[in-house]
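The values are calculated or read from the model by the stated rules, or taken from the named source; none is laboratory data. Since this is a predicted model, take the numbers as computed values, not measurements. As a convention, Cβ positions derive from the backbone with ideal geometry for all residues, glycine included, and neighbour counts pool all protein chains shown. The area values use the complete protein model at the heavy-atom level, side chains included, leaving out ligands, DNA and RNA. Shrake-Rupley method; radii C 1.70, N 1.55, O 1.52, S 1.80 Å.
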Amino acid sequence: SDEASTLRVENLDVTYGRAVSALRSVSLDVPPGSVVTLLGANGAGKTTLLRAVSGTLRLHRGAVTAGAIRYGETVLDGQDPVAAVRAGVVQVPEGRRVFAALTVDENLRSGGLGLGRRTPERIKEGRERVFTLFPRLAERTRQQAGLLSGGEQQMLAIGRALMAAPKLLLLDEPSLGLAPQMVERIAEVVREINAQGTSVLLVEQNAGMALALADHAHVLEVGEVRLSGPAAELARTDAVRRLYLGEA
Ligand code: ATP
C-alpha cells in the first residue's frame, strides 16, 4: 500500500550538542514514487534533515529531541543507518564521499554492506542497474575512485547507494561543484531512478534544477519550514523567484 512506503516527518526538532537548535517542528511527507525537494540557504538545516532520516545524525553529535520520523511502519528517529538501509532508505552524502583508494567496483560492492541477504545475483543485478545508468562507470570498474572526475565520483556515490536497492533515496546536493552539462546529466539520472520506482528526497542549492525535478518542494529557513507546495507553484512565487531562482 501507499502508506507502507511513505516517509513521514512530524514536528521534528533536532539539536547538536546542548546549544545548537538545527530543526524546529519540521513536518513533511515523501509519498511513494515522488520527488520531494528541500530548498534553503546554507545552514538552513537541509543536511540535518537527511541525517535524521538516514540515522547518521548521531555520527555528527546531533539528536532528535522531539517529533517522529516513520517510513511506513518503521520508526526511523533514533535508529542507526543500518536500520534505515534495511527499511529501504539510503542516503548519498554531500561531497561525493567515495572510498578514494578503492576501485570503482570495490566502491559499488561496498554499497548495502551489512544488509545481509546479499546474494551474488543481487550484486550482479545492482551492478547492471548502475552500469546501465552510468555507462562511464562500466568502462572504469578497475580505476581508483579518487582518480575519477568530480562528476564521475558523484555518479559512483549514487551508484553505490543504488546497490542497496533503496525504495527512498536521500540525495544531498548532487549538483554541487559540477559543470552545467554534468548537472543536467545528474538531473536526468534522478528522473530515471524515480521512473524506476524509487522515491527521492533531494536537497539542492540549485533551485532551478530541483524545482524542475520535484513534485513537491519545501523551503527551510533557519531550521523551520517556511513555504511548502507543488514545485511548479513554488517556482512561481515571488519569494522563491527572488531568493532561490536569482530573479529580480
Ligand atoms: P549547507 O547547505 O551549508 O550544508 P544546510 O541547510 O544543509 O546547509 P545544515 O548543515 O543542516 O544546513 O546545518 C544546520 C545548522 O546546524 C547550522 O547552523 C549548522 O552550523 C549546524 N550544524 C550542522 N552540523 C553540525 C554539527 N555536527 N555540530 C554542530 N552544529 C552543526
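Here are a few things to note about the model shown:
- Boolean, residue 89 is open to solvent by 30 Å² or more (accessible area, probe 1.4 Å) and either away from the ligand (no atom under 13 Å from the Cβ) or on the phi > 0 side of the Ramachandran plot (or both): no
- Residues that are part of a loop (DSSP other than H, G, I, E, B) and within 12 Å of the ligand (Cβ to nearest atom), drawn from segment 1-48: 17, 18, 19, 40, 41, 42, 43, 44, 45
- Residue within segment 128-151 that is free of Cβ contacts under 8 Å to residues at least 60 places away in the same chain, among the β-branched types (Val, Ile, Thr), open to solvent by less than 10 Å² (accessible area, probe 1.4 Å) and closer than 22 Å to residue 35 by Cα present: yes
- Strands (runs of 3 or more DSSP E) lying entirely in segment 184-248 (those with 1 or more residues that are surrounded by fewer than 20 Cβ atoms within 10 Å (Cβ to Cβ)): 216-221, 224-230
- Scanning segment 49-77 for residues being under 12 Å from residue 87 (Cβ atoms), within 16 Å of the ligand (Cβ to nearest atom) and not in a loop (DSSP other than H, G, I, E, B) gives a total of 3.
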